[in-house]
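Worksheet for the structure shown next.
The values are calculated or read from the model by the stated rules, or taken from the named source; none is laboratory data. Note that the coordinates shown come from a computational prediction; the quantities given were computed from them, not determined experimentally. In this analysis, Cβ positions are derived from the backbone assuming ideal geometry, glycine residues included, and neighbour counts consider all displayed protein chains. Only protein heavy atoms, including side chains, enter the accessible area calculation; ligands, DNA and RNA are left aside. Shrake-Rupley method; radii C 1.70, N 1.55, O 1.52, S 1.80 Å.
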Amino acid sequence: METDIEKNLVSVRERIERAALRSGRDPSGVRLVAVTKTVGVDLINRAIDAGVGIIGENRVKDAKEKFGKIGARAGWHMIGHLQRNKVRDALRIFEMIHSVDSLRLARAIDGEASGRDITVPVMVEVNVSGEETKYGVVPGEVREIVEAAGRFGNIRVCGLMTMAPFVQDAEEVRPVFRELRRLRDALRRSGFDVEYLSMGMTQDFEVAIEEGATHVRIGSAIFGPRKY
Ligand SMILES: *Cc1c(COP(=O)(O)O)cnc(C)c1O
């Protein structure tokens, strides 16, 4: 079956806009990250032609292949667990990393960025729900990473990211998004310039927007249902 990416994108954009407006937010404060981790180059190019400006990939190896063919027609964001030995390749592709989940990784990114004389904007991934299968630092460790990164010269923590548990009813995960926002707000009150909240996927992005998401990471709703 042919996937109607263009139509899906119109519908996703409308849903983003409505969720923003009903929570009193400016829709332009919500960026759509089109998650393409199981999607081929042709469909990605179609999505870009239809206005997608940010591509989200969760593996350096796949991203490298696709980036080689697509290039910088869109911005590339890393949204999956990043191994330290892949940092060098990652920084050739990605303009932002949503998924910094340890101080060691932050340090590795800083070192590589320093060698390239760039500053890399990153988000810290937080395991808010405490699920054992999830990456991310526990909420109590976020501040330590943000503080440490503040002392590194070539990495800038610009936000927090989380993945909510899979549930039937998105309302169930509202407290997860609320907690991420609370963590961000507490950091801001302490003077850290942490702005973004990367939260919300196909199953729950509207609730995430109502709770303050600035980046929603959406795959299935654009490219068709898929199992990961
Ligand atoms: C796959 C993935 C998404 C998108 O999931 P959908 O349910 O297809 O929207 C978002 N974030 C991360 C980190 C992912 O790995």
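Roll a 1.4 Å probe over the protein chains and send me the accessible area per residue for the stretch 5-223 in Å². Can you show the working numbers first?
Values: 9990 Å² over 219 residues.
I get 46 Å² per residue for this part.
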For this session: Within the stretch 63-169, report the GluC sites (Glu not before Pro) that DSSP leaves as loop and that have at most 14 other Cβ atoms within 10 Å.
Result: 131, 132
Exercise. Across 5 Å bins from 0, what is the distribution of all Cα-Cα pair distances for the chain, in whole percents?
Worked result: 1, 7, 15, 19, 20, 17, 12, 6, 1, 0, 0
Problem set entry | Rh by Kirkwood over Cα pairs, then Stokes-Einstein D for the stretch 59-163 at 1.306 mPa s and 10 °C, µm²/s | 115
Problem set entry | Reachable lysines, given that their alpha-carbon falls under 26 Å from the alpha-carbon of residue 86 and they are not under 8 places away in the same chain | 37, 61, 64, 66, 69, 134, 227
For this session: Using a Gaussian network model of the chain whose springs link C-alpha atoms within less than 10 Å, name the residue from 148, 74, 164 with the highest mean-square fluctuation.
Result: 148
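How much length is gained if the chain between residue 178 and residue 49 is pulled fully straight, taking 0.36 nm per residue apart and subtracting their Cα-Cα distance, in nm to one decimal? Can you show the working numbers first?
Values: separation 129, 0.36 × 129 = 46.44 nm, distance 3.41 nm.
Contour length minus the Cα-Cα distance gives 43.0 nm.
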Seminar exercise, completed: Taking the reciprocal of mean 1/r across every pair of different Cα atoms in the stretch 133-228, the Kirkwood radius in Å is 14.3
Seminar exercise, completed: Stretched fully, the stretch from residue 42 through residue 148 gains (0.36 nm per residue minus C-alpha distance, one decimal, in nm) 34.1 nm
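Computing the accessible area with a 1.4 Å probe over protein heavy atoms, can you report the carbon and sulfur percentage for the chain? Write down the numbers at each step before the final one.
Numbers: 5060 of 11000 Å².
Result for the chain: 46 percent of the exposed heavy-atom area is carbon or sulfur.
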For this session: Obtain the nm distance between the two label points defined at residue 14 and residue 26 by a simple spin-label model: each point lies 7 Å from its Cα along the Cα-to-C-beta direction.
Result: 2.5
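When the solvent-accessible surface of protein heavy atoms is calculated with a 1.4 angstrom probe, in what order do 193, 89 fall, highest first?
Greatest to least solvent exposure: 193, 89.
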Problem set entry | Theoretical gain in end-to-end length, residue 7 to residue 84 [0.36 nm per residue, Cα-Cα removed] | 23.9 nm
